[in-house]
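Following: one structure in structure tokens, then a few remarks.
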Amino acid sequence: MNITEKILNAHLLSGKLEPGSEVAIKIDQTLTQDATGTMAYLQFESMGVDKVQTEVSVSYVDHNTDQTGFENADDHAYLQSVARKYGIIFSRAGNGICHQLHLERFGKPGKTLIGSDSHTPTGGGIGMIAIGAGGLDVAVAMGGGAFYLAAPKVVKVNLTGKLRPGVSAKDVILKVLERYGSSGNVGRVMEYAGEGVATLDVPSRATITNMGTELGVTTSVFPSDDVTRRFLAAQGREEDWVEIKADPDAKYAEVFELNLSEIVPLAAGPHNPANVMAISSLAGKKVNQVLIGSCTNSSYRDLKTVALLLKGKKINPNVSVGIAAGSRQVVLHLAKEGLLGELVLAGVRILENACGFCIGLNQSPGTNAVSLRTSNRNFEGRSGTKSAQVYLVSPETAAAAALTGVITDPTTVETAPAVAIPSEFIIDDSMFLFRDTASKGVPDAEIVRGPNIGKVPAGEPLAPSMRGVAAIKVGDKITTDHIMPAGSRLKYRSNIPEYSKYVFEPVDPKFHDKALANKEKGLANVIIAGESYGQGSSREHAAMCPMYLGVRAVIAKSMERIHFANLVNFGIVPFTFSNPAAYDGVEAGDALEFEGIADAVRGDGGLVVRNTTKNTSFEVVTKLSERQKAIVLAGGLMKQIASKQKQGGAE
């Protein structure tokens, strides 16, 4: 077996590991962050479970740390009180970014992890099967329930050679994105192998698995080898190490040969992580802003490399440069080695150890500005400035631009010596609360609920037939940022009526009003979409808020994995066009009839939709497992759980 099969097989609860078939696996660990965590824990509370059933569950605060308005602080107080009551470890604001912290302090090779953040696959860097999921799926796992996924096709990325100075892991994953793109990879796992693996340290591996999310794959994974062991030993956790490697005769659906020695510095240009181009083709382009950090490139290895490149120098006066470390541990090391001071002397702005600029919560660039970032996404407007041109680059490329003021190939200027992983990391876990009560909880602890903490909305059972309207028509590669904007809107994540006001705000600011008007008329809202609908974040609000506004179906040319699962969880039927050309025959505002929709969901998923505005028909299909069919028919997973509890048959 390959690594993926070994770990999944060891956690298999039901189903067969045959690509495409649904399997259920046991989850060892979960993580949440504050932007998605409040709703996940509200859902967990509604399940009536006394305490978490996982080996480790951690609640991180790393998104809304600016605490603009009372909402963020109230959310954090709620999260802290829930963690204490139910046996969850709580990571305070300022401790760091969830993926970096989990890799450092909790991740274990061979374990399964799901998180309510799409970049949870970072854990694959130490040999975990780590998967991003909607908050409701995480809540179910915390309650001891199974996690369901399609058994994946495993792609072997065979690494040979060694990276040249000035080239790093970010360039590796951009090369993979250049080959596979950001769509069409649903149901795949990228498994890294070959002699080149041993040349990459754990932070580099984690960068690659983190940004594998942008491929749209289920997850990415590296072997657990002596490099992994040394990293865990330096974290004081060598006992957590186990060796995990593929068998010599392991089979793969596909093999991609990648020679590390031949990779050149790359960038992802506006406005998609798969818009990959060579840095040399951009050389000389003026840069206005450089931001280094995020869960992709904020490790000790990355930031020390940048500090060494900037040491004794001054950043270009026309460039604003900010650095956000992934954890306090990274900051403590840089401070101990005198490198934090060197960054300050160079003119760098030291930002909080948080997601911040990556999700548009701060450091928005100027009008038409060029911003180089080491983060993982550059969707249009995500930075907070729609006209900005955001390029995703390596820390080495970012540092070169910070000094020169223009995009510069880092292999053509001074390169930094290789950064070795310390034999012992500085360990201070004081900002992880409730480690002593983890998994046990404090049953009589009071839950703190501010006025922004709302209730979990529940859907309605699917009617036998449905009359609806195409409430909006969108194009290809619509991301969850298009559906539910992040940035300053994140503070409403706990308040669905308020957050729903911003559904599709970047695309159609009037969508909320039109959708509510349709709902009041008894019409179902239907979303019409192109290829790869639902790219990006795991945010279940991109399904929950549309459900609240009366969306009952999405018809797209294709959809991404996490969003498809979230639509099912909230009772929205995820259809695809049987003939993609039919997309052209539907316009926003068209009246649509779904005669026999419930029977279609129960059956093979095929249905003829009648467009009464144009007096035409077209075929759609939804491919659901028997479990998913039951959820959609019930009106969503929360509705199904509530019904079972009412009947005394809760699972």
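Nothing in this text is a laboratory measurement; each read-out follows from the coordinates by a stated rule. All figures in this text were calculated on a predicted structure; none of them were measured in a lab. Reconstructed Cβ throughout: ideal geometry from the backbone, glycine too, with neighbour counts over all protein chains shown.
So what's the projected area for region 272-412, the Cα convex hull averaged over all directions, in nm²?
Mean projected area of the Cα convex hull: 7.4 nm².
So which trypsin sites (Lys or Arg not before Pro) in region 433-498 are both in a DSSP loop and have at most 15 other Cβ atoms within 10 Å of their Cβ?
440, 449, 455
Given only helices, namely DSSP H runs of n ≥ 4 each adding -39500 (n - 2.57), what is the per-residue ellipticity at 222 nm of the chain, to the nearest 500 deg cm²/dmol?
That comes out to -8000 deg cm²/dmol.
Rounded to the nearest 0.05, what FRET efficiency do residue 16 and residue 318 have when you use their Cβ-Cβ distance and R0 = 45 Å?
After rounding to 0.05, the efficiency reads 0.15.
Among (i) 70, 56, 53; (ii) 69, 57, 57; (iii) 94, 71, 62, which is the computed Cα extents along the principal axes in Å?
Structure-derived value, by its label: (i).
Using only Cα atoms, what Kirkwood radius does region 3-262 have, in angstroms?
By the Kirkwood definition, the hydrodynamic radius is 18.7 Å.
Report, in whole Å, the centroid distance computed from the Cα atoms of region 34-77 and region 285-327.
When both Cα centres are located, 31 Å separates them.
What is the ratio of the Cα radius of gyration of region 466-646 to 2.2 N^0.38 Å, with N the residue count, to two decimals?
Dividing the Cα Rg of region 466-646 by 2.2 N^0.38 Å gives 0.96.
Give 16/455; 175/304; 16/156; 473/521 a once-over and call out the pairs whose C-alpha atoms are over 27 Å from each other.
16/455
What nm value, rounded to one decimal, do you get for the distance between residue 254 and residue 604 when each label is placed 7 Å out toward the C-beta?
Output for this residue pair reads 2.8 nm.
Between residue 247 and residue 630, what is the label-point separation in nm under the 7 Å Cα-to-beta-carbon projection?
Using points 7 Å along Cα→Cβ, the separation is 3.3 nm.
Using DSSP to define loop residues, name the trypsin sites (Lys or Arg not before Pro) in region 160-208 whose beta-carbon has at most 15 other beta-carbon atoms within 10 Å.
Taking region 160-208 and a limit of 15 other Cβ atoms within 10 Å, the loop trypsin sites (Lys or Arg not before Pro) found are 162.
What distance in nm separates the simple spin-label points at residue 513 and residue 335, each placed 7 Å from Cα in the Cβ direction?
About 5.1 nm, to one decimal.
What does a probe at residue 444 reach in region 43-80, counting residues whose amide N is under 18 Å from the point 7 Å along Cα→Cβ?
From region 43-80, the list is 50-51.
Work out the FRET efficiency for residue 285 and residue 588 from their Cβ-Cβ distance, taking R0 = 41 Å, and round it to the nearest 0.05.
E(calc), rounded to 0.05, equals 0.65.
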